[in-house]
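Scroll down for the structure; my scribbles are underneath it.
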Amino acid sequence: GRGRSGRKRFLLKLSGEAFAGGGGLGVDPDVVHKMAHEIASVVRDGAELAVVIGGGNFFRGAELQVRGMDRARSDYMGMLGTVMNCLALQDFLEKEGIDSRVQTAITMGQVAEPYIPLRAVRHLEKGRVVIFGAGMGMPYFSTDTTAAQRALEIHAEALLMGKNGVDGVYDSDPAKNPDAVKFDALEYGEVITRDLKVADATAVTLCRDNKLPILVFELLAEGNIARAVKGEKIGTLVSN
Ligand code: UDP
């Protein structure tokens, strides 16, 4: 969790949906601006931050599959969607005066570096934000799983799962059930056996097997990314 710089390192997962704002599809620059502003203040305060962004605001492979498309091909479309989110975030980080690099799991030299873990760590040590795009580069995986894998490979302290419109993990869907109860803390095993909505099962088991804590929190509430990094008691903490 600490680089040579002595600063704490985190992997922040941003849901693609959040990027769409109220629009549902595509990127809402106002939302990205707000997120970049929050991330910039966290980095200025001395944390090292790597980011994985989802692509649900463009395409989800599983949804296109239901509509008759080949799963692998639609998953590639999903991965390409995440890259657009990465470029949008990079642009607004630049406007905040924060250096960043996008690294993609599918090579596209004109817009991003390839995924090179040691180089990513070097960027972080220099105070740059590293934004990982195109998921793992493999169909049938998710950006949640990517976030867990990248967090482990760069030795992040924790996986910060920023959610859109929900402030933690509940025992049932709070949007449908007014009596839903929020958990402050959970064990990995409970998340898996109760199928709680933290991340997909592949991501959760990866975190469990490697003892990587997951903090689930509301992404767009002002100051929340900073709170998550400081270890304040927000959201739901998943650990042993
Ligand atoms: N995807 C994939 N492999 C990966 C990461 C993502 O195939 O390693 C595809 C998959 O189709 C997924 C889409 O990219 O549905 C967008 O990512 P995700 O659904 O995780 O985005 P989020 O729901 O977090 O916005």
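The values are calculated or read from the model by the stated rules, or taken from the named source; none is laboratory data. Just so it is clear, the model here is predicted, and its values are computed rather than measured. A quick note on method: Cβ atoms are made from the backbone with ideal geometry, for glycine too, and the neighbour counts reach across all protein chains shown.
Residue by residue through the stretch 40-72, note down the ones that are in a strand (DSSP E or B) and within 16 Å of the ligand (Cβ to nearest atom). Reasoning before the result, please.
Residues of the stretch 40-72 in a strand (DSSP E or B): 48-53.
Once the filter is applied, which keeps residues that are in a strand (DSSP E or B) and within 16 Å of the ligand (Cβ to nearest atom), the stretch 40-72 yields 50, 51, 52, 53.
Of the residues that sit in the stretch 32-52 and are of a type outside the set (Val, Ile, Thr) and within 15 Å of the chain's Cα centre (by Cα), which one is nearest to residue 116 (Cα to Cα)? Walk me through how you get there before you give the answer.
First, the residues of the stretch 32-52 that are of a type outside the set (Val, Ile, Thr): 33-38, 40-41, 44-50.
In the following step, the residues that additionally are within 15 Å of the chain's Cα centre (by Cα) were identified as 35-36, 38, 48-50.
On the way: 35: 25, 36: 23, 38: 26, 48: 17, 49: 16, 50: 13 Å.
By that ranking, first place goes to 50.
Tell me the residue from 91, 75 that is modelled with pLDDT of 95 or more, part of a helix (DSSP H, G or I) and within 7 Å of the ligand (Cβ to nearest atom), please.
Only one candidate qualifies: 75.
For residue 80, state whether it is within 13 Å of the ligand (Cβ to nearest atom), modelled with pLDDT of 95 or more and either in a helix (DSSP H, G or I) or in contact with a strand residue (DSSP E or B) (Cβ under 7 Å, 6 or more places away or on another chain) (or both).
Details: within 13 Å of the ligand (Cβ to nearest atom): yes; modelled with pLDDT of 95 or more: yes; either in a helix (DSSP H, G or I) or in contact with a strand residue (DSSP E or B) (Cβ under 7 Å, 6 or more places away or on another chain) (or both): yes.
Yes, satisfied.
Residues of the stretch 109-151 being among the basic types (Lys, Arg), in contact (Cβ under 8 Å) with a residue 24 or more places away in the chain and either within 9 Å of the ligand (Cβ to nearest atom) or surrounded by fewer than 19 Cβ atoms within 10 Å (Cβ to Cβ) (or both), which ones?
Pass one, the stretch 109-151, residues among the basic types (Lys, Arg): 119, 122, 126, 128, 150.
From what is left, the residues that are in contact (Cβ under 8 Å) with a residue 24 or more places away in the chain are 126, 128, 150.
Correct list: 126 only.
When you scan the stretch 70-80, do you find a residue that is over 27 Å from residue 98 (Cα atoms), more than 15 Å from the chain's Cα centre (by Cα) and aliphatic (A, V, I, L, M), even just one?
Yes, the stretch 70-80 has at least one match.
Where in the stretch 158-238 are the strands (runs of 3 or more DSSP E), entirely inside, with at least 1 residues that are crowded, with 19+ Cβ neighbours inside 10 Å and over 18 Å from the mean Cα position of the chain (by Cα)?
Numbers: elements: 159-163, 185-187, 214-218.
Strands (runs of 3 or more DSSP E) meeting the threshold: 185-187.
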